[in-house]
Amino acid sequence: MSWISLLITFAMVHIAALVAPGPDFALMLRASVSGGRKYAYALAMGLSTAIMLHTVTVTFAADLLQQYLPGLMLVLPWIAAIWLGYLGIGCLRAQVGATTTEPVVTDRTKLKNGWWTGFATNALNPKAYVYFFSVIAGMLPHDSPLAFKVALVGLFFLLALAWFGFLGWALNIGKFRQQLQQNQWLILKFSGVILLVFSLLLLLQGYQRLMV
């Protein structure tokens, strides 16, 4: 697999994880409606910056693990496969409840700095580290050049910023917000299928590493 192909693979996994409705989506929904578009943009930047922090931390930590604990790297693709499979099954089994149809005003909307709200929410989320560590460390080759790692960090940041920024814009449009909420089940099913496909690919990659 070429470096470009691997980067595209990372991008597809990350996009599937981003678009699956979750805490970040709920936060953007509340911020967009009760805090306004500018506040939502600031929140999107904070969420994306935290994702960049996760990516930088895990990318270079994975490099150290590959250097000093090479045996662990044989196991990580299996861990990543299990984690992505868990997320995928969760998306397929999730039920869209009535509580998501109307935004809830919270104290977060009163903060002057939306960036800190988004950054702290994502940076302090332990599940985010599990996701990034399992996926990046599980899929990142040992011989990855520095340029590829920098490109990966930039890619994850830009994809997150594009998605959350789009939500900040679109969720301020009443009709679009209603349509997006009504079709959350379709988004969940799409994300679930994509995550399960890559879970299977990681299982294959783990098997190939054991056979080397």
So for R0 = 41 Å, FRET eff. of I82-K38 from the Cβ-Cβ r, to 0.05, ends up at 0.50
Placing each pseudo-label 7 Å from Cα in the direction of the beta carbon, T57 and W185 end up separated by a distance in nanometres of 3.7
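The numbers here are math on the coordinates, done by the rules we state, and not lab data. Note that the structure is a prediction, hence the values are computed from the model and not measured. Because the Cβ atoms are built from the backbone with ideal geometry, glycine has one as well, and the counts that use them run over all protein chains shown.
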